[in-house]
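This report refers to the structure that appears directly beneath it.
What follows is calculated from the coordinates using simple rules that are stated; it is not laboratory data. The structure presented is a predicted model; accordingly, all values stated were derived computationally and were not measured. Note: ideal-geometry Cβ built from the backbone for every residue, glycine included; neighbour counts use all protein chains shown.
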Amino acid sequence: MTEPDLAKLTIGVLGGTGPQGRGLALRWAVAGLRVIIGSRDAGRAATAAAELVEQGGLEADAVTGADNPGCASNADVVLCAVPWEGHDTLLTSLRSELAGKIVIDCVNPMGFDKQGPFAIPVAEGSAAEQAAALLPESRVTAAFHHVSAVTLVDLSVADVNLDVLVLGDDREATDQVRALADAIPGVRGVFAGRLRNAGQVEALTANLIAINRRYKTHAGIRVTDLP
């Protein structure tokens, strides 16, 4: 099987000023990919992009900033890393800009109470399935739910050392997303089934947060017995 060529792609990160989006944007830029940070505020996105360029010792155009429509329009592959509360509104507003593109949903619908984190039920089954319903002309995948933002932004961690579960109904799209996972040193993209199975992957994040709180670490997952 021919590996996807990422060199010509521009990766858009909606929610790129938040911890998860910022960390993934940094790692992809350091790996040599061109990245656009998206935010409601283009100025805030530009500031975040400049900070990542400085942190990574990158060329000035390696990471740029734009408002969300500009990010979605100018990227080839778009990661959605926004808070669950604004997920449906944002994606609905960007339907035309995201048409025909691979969209990676890494949103985890979760709540917190005195007992800790818990998964929030989603009418469509998962955040990714909601994205697919809202973006009928996009190629929606689900991935990057279990990657520690703290680890991503710490470039002293040379190998991130985890697997990324990638779900979707479009084989070419999931292969592309797996390649994006593989671009981060120590990370391996693993196909984990159809998009209808994204709910339990998103919900597993609550378990990992509980693990991290108890053991004061930044745990991820590894799938055993793969070549």
Using the Karplus equation 6.51 cos²θ - 1.76 cosθ + 1.60 (θ = phi - 60°), what ³J(HN,Hα) coupling, rounded to whole Hz, does each residue of segment 89-100 give in order, writing x for Gly and Pro?
5, 5, 5, 4, 5, 10, 3, 5, 5, 8, 4, x
Given points 7 Å out from each Cα along the Cα-Cβ axis, report the Trp84 to Arg171 separation in nanometres with one decimal.
3.4 nm
Helical contribution to [θ] at 222 nm, DSSP H n ≥ 4, -39,500 (n - 2.57), averaged over the chain, rounded to 500
-11500 deg cm²/dmol
Kirkwood hydrodynamic radius of the chain, from inverse mean 1/r over distinct Cα pairs, in Å
17.4 Å
Enumerate the amide H contacts of Lys101 below 5 Å, restricted to partners 5 or more residues apart or on another chain; note that Pro and chain-start residues carry no placed amide H.
Arg139
Dipole magnitude of segment 10-215 about its Cα centre (Cβ charges: Lys, Arg +1; Asp, Glu -1), debye to nearest 20
400 debye
Reachable aspartates and glutamates, given that their alpha-carbon falls under 13 Å from the alpha-carbon of Lys8 and they are not under 8 places away in the same chain:
Asp76
For segment 120-176, run through the GluC sites (Glu not before Pro) and keep only the ones in DSSP coil with at most 11 other Cβ atoms within 10 Å of their Cβ.
Glu137
By how many nm would the segment from Arg95 to Thr224 lengthen if fully extended, with 0.36 nm per residue of separation less the alpha-carbon distance?
42.7 nm
What does DSSP give for the chain in terms of the percent of beta bridges that are antiparallel, rounded to the nearest 5?
20 percent
Check: C-alpha center segment 183-227 vs C-alpha center segment 1-72, spacing in Å is 23 Å
Average projection area in nm² (convex hull over Cα atoms of segment 128-227, one quarter of hull surface):
7.1 nm²
Convert each backbone phi in segment 173-183 into a coupling constant with the Karplus relation 6.51 cos²θ - 1.76 cosθ + 1.60 (shift: θ = phi - 60°), then list the ³J(HN,Hα) values in order as whole Hz, x for Gly and Pro.
5, 5, 5, 5, 5, 4, 5, 5, 5, 5, 5
Residues whose modelled amide H sits under 5 Å from the amide H of Val160, counting only those 5 or more places away in sequence or on another chain, are Gly186, Val187
For segment 192-200, in order, what is each residue's ³J(HN,Hα) by Karplus, 6.51 cos²θ - 1.76 cosθ + 1.60 with θ = phi - 60°, in whole Hz (x at glycine and Pro)?
10, x, 6, 4, 5, 9, 6, x, 6
How far apart, in nm, are the 7 Å Cα→Cβ label points at Arg214 and Met110?
1.5 nm
Among 24-34, 200-210, 110-120, how do they line up from the highest to the lowest mean number of other beta-carbon atoms within 10 Å?
24-34, 200-210, 110-120
